[in-house]
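Undergrad: This is the structure I want to talk about, given as structure tokens.
No value in this document is a laboratory result; all are computed from the given coordinates. Keep in mind it's a predicted model, so treat the numbers as computed, not measured. When we count neighbours, we look across all protein chains shown, and the Cβ atoms used for this are built from the backbone with ideal geometry, even at glycine.
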Amino acid sequence: MRQKILVSGGAGYIGSHTCVELLAAGYDVVVVDNFSNSKPAVLDRVSRIAGRDVTWYEVDLRDKSALARVFAQHTFSGVLHCAGVKAIDEAQRFPLKYYQHNLEASLTLIEAMTQHGLRRLVFSSSATVYGEAARVPYREEAPLAPNTVYGRSKMMVENVLQDLVQADPSWHIAILRYFNPVGAHSSGLIGEDPSGIPGNLMPHICQVAIGKLDELAIFGHDYPTPDGTGVRDYLHVMDLAEGHVKALEYVCRESGLLTLNLGNGRGYSVLEMVRAFEHACSRKINYRYAPRRAGDLASYYADARRANEVLGWRAHRDLSEICTDAWRWQSQNPEGYS
Ligand code: UD1
């Protein structure tokens, strides 16, 4: 009998790539997603890649009775909680929505797990919880001081999980702090499909390359970085997906709380990303310099050693592979999943 894993937000960008990796590792997958920022078609693609079916339910995690019906139909070995909303600007304007979808939804899910005696959980957090207080490279022990509503909503869930383990050490929980996931599955069948004009760098570059957008605005070129543009720790989404499977294996073995950075451990500038992408797609990416974006930090990247020590995981796909895979997805699906 295969072990069955519940993946919340399994149709999203991270969730879908993680489902592919879970299926490849021999798990059965059940997805719950409210499809607020994704489409069921994603899961058909996941099934195509894996050669196996994915069971899914359209469920908002805050809907206790709908969630209870899913738990009543399946016996899960663990939960990967990837569901959430993540647009920084929107979060500043609609904080309540962010606390409802990120915090309240997490509480409902944890409550359902408790009722079914299920205590194995991997939670999608973000490096954005460090904020400005930490020094680069960020270590997991660094102080947390997120400067956005989105970051605070993630930190609050982390706090809940810490308290949970404190009160009941029989929980098995891993908190994964993602740096900047980019790229796509090498099949070109799944990738990032933002609605509207993409706020993040990589999907914006992709849409300039395909001709949907005229140019990239580079937010700031006077940062104290080697070329003046912002530096981030970009990692391939399939490396991240592999990290989830390893974290799941860990929580199946060990109790307590594990908090890990998932990053590649080095930073790349916006200009480096543009050049790597131009090389991968053999096209010119038009860009112009624009003022800094409010809330952006100059440079941050992970100290990724703990994930390597504890899980034996590291990001091994390089920038060229990231850009080649992102371009394959974009060029084969110019309109995303629609
Ligand atoms: C952002 C979020 C972070 C979230 C992550 C992944 C902020 C402050 N942080 O991280 O919480 O986890 O996305 O969803 O928004 N850039 C441009 N032009 C663009 C877009 C981006 O120059 O059109 C630059 C940014 O200034 C930054 C870099 O590219 O230096 C990466 O930006 P982005 O992809 O938005 O990620 P983060 O800001 O690191």
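Undergrad: So if each residue of separation counts as 0.36 nm, and I subtract the Cα-Cα distance between Tyr99 and Glu132, what length gain in nm does that give?
TA: 9.7 nm
Undergrad: Rounding to the nearest 20 debye, state how big the charge dipole of the stretch 132-265 is about its Cα centre with +1 on each Lys and Arg Cβ and -1 on each Asp and Glu Cβ.
TA: 100
Undergrad: Please get the size of the charge dipole for the stretch 1-45, origin at its Cα centre, with Cβ charges of +1 on Lys and Arg and -1 on Asp and Glu, quoted in debye to the nearest 20.
TA: 40
Undergrad: Now, a different point. Rounded to the nearest 10 degrees, what's the angle between the helix 13-24 long axis and the longest principal axis of the chain, both from Cα atoms, 0 to 90?
TA: 60
Undergrad: What FRET efficiency do you get for Ser170 and Ser331 if R0 is 45 Å and r is their Cβ-Cβ distance, rounded to the nearest 0.05?
TA: 0.40
Undergrad: Quick one: putting +1 on the C-beta of Lys and Arg, -1 on the C-beta of Asp and Glu, what dipole do you get for the chain around its Cα centre, in Debye to the nearest 20?
TA: With only Lys, Arg, Asp and Glu charged at Cβ, the dipole is about 120 debye.
Undergrad: Follow-up. Using the Karplus equation 6.51 cos²θ - 1.76 cosθ + 1.60 (θ = phi - 60°), what ³J(HN,Hα) coupling, rounded to whole Hz, does each residue of the stretch 215-231 give in order, writing x for Gly and Pro?
TA: Working through the residues one at a time gives 7, 9, 8, 8, 7, x, 9, 10, 6, x, 10, x, 10, x, 9, x, 10 Hz.
Undergrad: Separate question: Once amide H atoms are built 1.01 Å from N in the peptide plane, which residues 5 or more positions from Leu235, or in another chain, come under 5 Å H to H?
TA: Those qualifying (amide H under 5 Å, at least 5 residues apart or on another chain) are Asn180, Val182.
Undergrad: At 7 Å along the Cα-to-beta-carbon direction for both His279 and Glu140, put a label point, then send me their distance in nm to one decimal.
TA: 3.3
Undergrad: Select from Thr128, Gln115, Ser153 the residue farthest towards the positive end of the dipole of the stretch 110-210; place +1 on Cβ of Lys and Arg, -1 on Cβ of Asp and Glu, and compute about the Cα centre.
TA: Thr128
Undergrad: At 0.36 nm per residue, and after removing the present C-alpha to C-alpha distance, how many nm does the segment from His74 to Ser187 gain when stretched out fully?
TA: Stretched out fully, the His74 to Ser187 stretch lengthens by 37.7 nm.
Undergrad: Enumerate the residues in the stretch 302-338 having an amide nitrogen under 16 Å from the point lying 7 Å beyond the Cα of Arg48 toward its Cβ.
TA: Backbone N within reach: 328-338.
Undergrad: Let me ask another. Hey, how many Å between the Cα centroid of the stretch 43-88 and the Cα centroid of the stretch 166-203?
TA: 15
Undergrad: Based solely on its DSSP helices, what 222 nm [θ] is calculated for the chain when runs of n ≥ 4 H residues each add -39,500 (n - 2.57) and the sum is averaged over all residues, nearest 500 deg cm²/dmol?
TA: Using -39500 (n - 2.57) per qualifying helix, the result is -11500 deg cm²/dmol.
Undergrad: Please give the helix 319-332 orientation as an angle from the longest Cα principal axis of the chain, in degrees from 0 to 90, rounded to the nearest 10.
TA: So the inclination is approximately 80 degrees.
Undergrad: The stretch 73-166: which GluC sites (Glu not before Pro) are DSSP loop and have at most 12 other beta-carbon atoms within 10 angstrom?
TA: Glu132, Glu141
Undergrad: Any chance you could run the full-extension gain for Glu309 through Thr114? It's 0.36 nm times the residue separation minus the Cα-Cα distance, nm to one decimal.
TA: 67.2 nm
Undergrad: Explain nothing, just compute: Karplus ³J(HN,Hα) = 6.51 cos²θ - 1.76 cosθ + 1.60, θ = phi - 60°, for every residue of the stretch 197-202 in order, whole Hz, x for Gly and Pro.
TA: Computed from phi, the couplings for the stretch 197-202 are 6, x, x, 8, 4, 5 Hz.
Undergrad: Moving to a separate point now. When only DSSP loop residues count, what trypsin sites (Lys or Arg not before Pro) in the stretch 261-307 have their Cβ near at most 15 other Cβ atoms within 10 Å?
TA: Arg266, Arg283, Lys284, Arg292, Arg293
Undergrad: Next question. Once the Cα atoms of helix 149-167 and of the chain are each reduced to a long axis, what angle between those two axes, in degrees from 0 to 90 to the nearest 10, is obtained?
TA: That works out to roughly 30 degrees.
Undergrad: Now for a separate question. Enumerate by residue number the trypsin sites (Lys or Arg not before Pro) in the stretch 89-181 meeting two conditions: DSSP loop (anything except H, G, I, E, B), and at most 13 other Cβ atoms within 10 Å of the site's Cβ.
TA: Sparse-neighbourhood loop trypsin sites (Lys or Arg not before Pro): Arg135.
Undergrad: Quote the FRET efficiency, to the nearest 0.05, computed for Asp318 versus Cys252 with a Förster distance R0 of 22 Å and r equal to the Cβ-Cβ distance.
TA: 0.15
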